[in-house]
Amino acid sequence: MSATFTARAPGRVNLIGEHTDYNGGWVLPAALSVGIEVTLAPRSDSSVAVSSLNYDAPAMRELSDDAVGEWSDPCVGALREANALGLLTGGAALDVTSSVPEGSGLSSSAALIVAILKAAREAAGSDLSDVDLAIAARRVENEYMGVPCGIMDQMAVALASPGSAMALDTKSLDWEILPLPAGHEMVVVHSGLTRKLTDGRYGARKAECDAAKRHFGTEDLCLLDQAEVESANIDEVPKRRALHCVTEHQRTLAAAKALRDGDVARLGHLMSESHVSMRDLFEMSLPEIDTLVETAQGLGAIGARLTGGGFGGCIVACVPASERGVWMAELLKRHPHARFIDAASAA
Ligand code: GLA
């Protein structure tokens with residue numbers, strides 16, 4: 001039997017800082033306890049044999065295959081990247097175990113790719129850093145799978161561990177691990193509406209940001225001056241997108257400070273403000289999700305917002321730990337399609 005190598009990567013929830021990671025800004029994700037584990041056995045030929053109890057039928061692919069829109073695409077892409085990095089010389093058999101629900105904005109795809117790259121690093125006995133692997137994992141999404149995402153998910157699942165948050169400057173890739181608020185839980189609730197980053201709406205928002213970048217002559221929309229954006233002679237749509245980026249980046253800096261200061265009220269307020277900006281300026285929410293967020297707040301969450309790429313998926317709410325049980329039960333009673341996914345809290 002050939003040697004096997006096992007690695008795991010967690011799912012992540014973003015507490016605040018949405019669509020800032022390809023616009024030069026900060027993000028504030030936290031690792032979840034749900035995650036993906038991969039066992040990798042190198043092969044001497046160029047085949048990719050993938051099996052999993054959680055996904056569709058086992059797949060037999062080739063390293064030379066293009067992405068075809070199937071669940072095994074991230075596996076083929078990650079193994080191609082592992083070969084390009086010199087971690088493997090050929091294909092592999094992969095066994096995948098996942099507790100991250102797909103299509104919910106919790107980075108199942110980034111976690112799968114990063115876990116495979118970590119297992120390949122182990123196989124090679126390489127000293128490539130987690131940041132190197134995160135950058136490589138983003139390449140798999142951007143270049144192989146055609147997903148126009150930023151770097152947040154890959155950095156979060158490669159570097160963060162449950163129990164804390166990661167304040168990440170997506171321009172410099174500097175990061176700081178911050179404590180989650182004591183006595184509170186960051187509760188992740190699925191709206192019941194699924195979505196894919198490849199369905200075009202994420203790409204459309206990115207294209208609108210690109211239009212704003214051309215107008216302002218910068219890659220870093222998040223770092224523009226708010227007054228300059230407000231008074232710019234530019235179409236309403238790219239202006240609204242740029243205004244979201246500028247204010248969301250400022251809110252994320254403020255949220256990182258609130259975590260450092262242990263100021264949970266401020267954090268919650270910023271999370272709820274972020275939802276308003278995503279709803280009105282970035283227009284990435286849906287009416288059902290707005291209602292779910294309002295109910296979450298009305299039932300006693302200190303703050304609540306949509307999280308992830310948008311147009312479906314999960315909300316995250318900051319709830320006093322002692323109230324979570326009652327809060328959750330009442331929320332699910334009023335929103336029967338919603339479901340509890342996970343909760344992040346101080347380690
Ligand atoms: C998805 C992408 C990330 C980020 C978020 C929005 O999760 O993969 O890169 O852009 O959407 O903040």
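So in the range 264-275, with the set limited to residues that are of a type outside the set (D, E, K, R) and within 12 Å of residue 16 (Cα to Cα), which one is most open to solvent (accessible area, probe 1.4 Å)?
Restricting to residues being of a type outside the set (D, E, K, R) and within 12 Å of residue 16 (Cα to Cα), the top hit is 269.
Scan 68, 96 and give me the residue that is farther than 17 Å from residue 134 by Cβ, aliphatic (A, V, I, L, M) and surrounded by fewer than 17 Cβ atoms within 10 Å (Cβ to Cβ).
68
What number goes with the only condition from (1) in contact with a His (Cβ under 9 Å, 6 or more places away or on another chain); (2) modelled with pLDDT under 95; (3) open to solvent by 10 Å² or more (accessible area, probe 1.4 Å) that residue 26 does not pass?
Result: residue 26 passes all but (2).
Which residues, counting only those in the range 273-313, are at pLDDT below 95 and within 23 Å of residue 180 (Cβ to Cβ)?
Of everything in the range 273-313, those that are at pLDDT below 95 and within 23 Å of residue 180 (Cβ to Cβ) turn out to be 308, 309, 313.
Name the pairs: first residue in the range 222-250 and among the small types (Gly, Ala, Ser), second residue buried (at least 21 other Cβ atoms within 10 Å of the Cβ), Cβ to Cβ under 6 Å, at least 6 apart or on different chains?
Matching pairs, first to second residue: 242/212; 242/221; 242/229.
Read through the list (1) within 15 Å of the ligand (Cβ to nearest atom); (2) surrounded by fewer than 21 Cβ atoms within 10 Å (Cβ to Cβ), then give the number of the only condition that residue 157 fails.
The failed condition is (2).
Being out of contact with any Leu (no Cβ under 9 Å at 6 or more places or on another chain) and either in contact (Cβ under 8 Å) with a residue 12 or more places away in the chain or open to solvent by less than 20 Å² (accessible area, probe 1.4 Å) (or both) is the filter here; which residues of the range 161-186 pass it?
Answer for the range 161-186, where residues must be out of contact with any Leu (no Cβ under 9 Å at 6 or more places or on another chain) and either in contact (Cβ under 8 Å) with a residue 12 or more places away in the chain or open to solvent by less than 20 Å² (accessible area, probe 1.4 Å) (or both): 161, 169, 170, 173, 182, 183, 185.
Filtering the range 281-311 down to residues that are farther than 29 Å from residue 239 by Cα and among the aliphatic types (A, V, I, L, M), which residue is surrounded by the most Cβ atoms within 10 Å (Cβ to Cβ)?
The selected residue is 296.
Among the candidates 62, 18, 37, which residue alone is buried (at least 19 other Cβ atoms within 10 Å of the Cβ) and not assigned by TED's automatic domain parsing to the domain that holds residue 284?
18
Do you know which residues across the range 154-198 are small (Gly, Ala, Ser), assigned to a helix (DSSP H, G or I) and touching an Asp or Glu at 6+ places or on another chain (Cβ under 9 Å)?
The one that is small (Gly, Ala, Ser), assigned to a helix (DSSP H, G or I) and touching an Asp or Glu at 6+ places or on another chain (Cβ under 9 Å): 158.
So which pairs qualify, if the first residue must be in the range 99-119 and on the phi < 0 side of the Ramachandran plot and more than 13 Å from the ligand (Cβ to nearest atom), the second must be of a type in the set (A, V, I, L, M) and at pLDDT below 95, the Cβ gap must be under 6 Å, and the two must be at least 6 apart or on different chains?
99/34
Residues to consider are 268, 312, 300; find the one that is small (Gly, Ala, Ser) and out of contact with any Gly (no Cβ under 8 Å at 6 or more places or on another chain).
When all the criteria are applied, what remains is 300.
The values are calculated or read from the model by the stated rules, or taken from the named source; none is laboratory data. Given the structure is predicted, the values throughout are model-derived calculations rather than measurements. Cβ coordinates were reconstructed from backbone atoms using ideal geometry, including for glycine residues, and neighbour counts include every protein chain displayed. When the accessible area is computed, the model is the full protein with side chains, heavy atoms only, and any ligands, DNA or RNA have been set aside. Shrake-Rupley method; radii C 1.70, N 1.55, O 1.52, S 1.80 Å.
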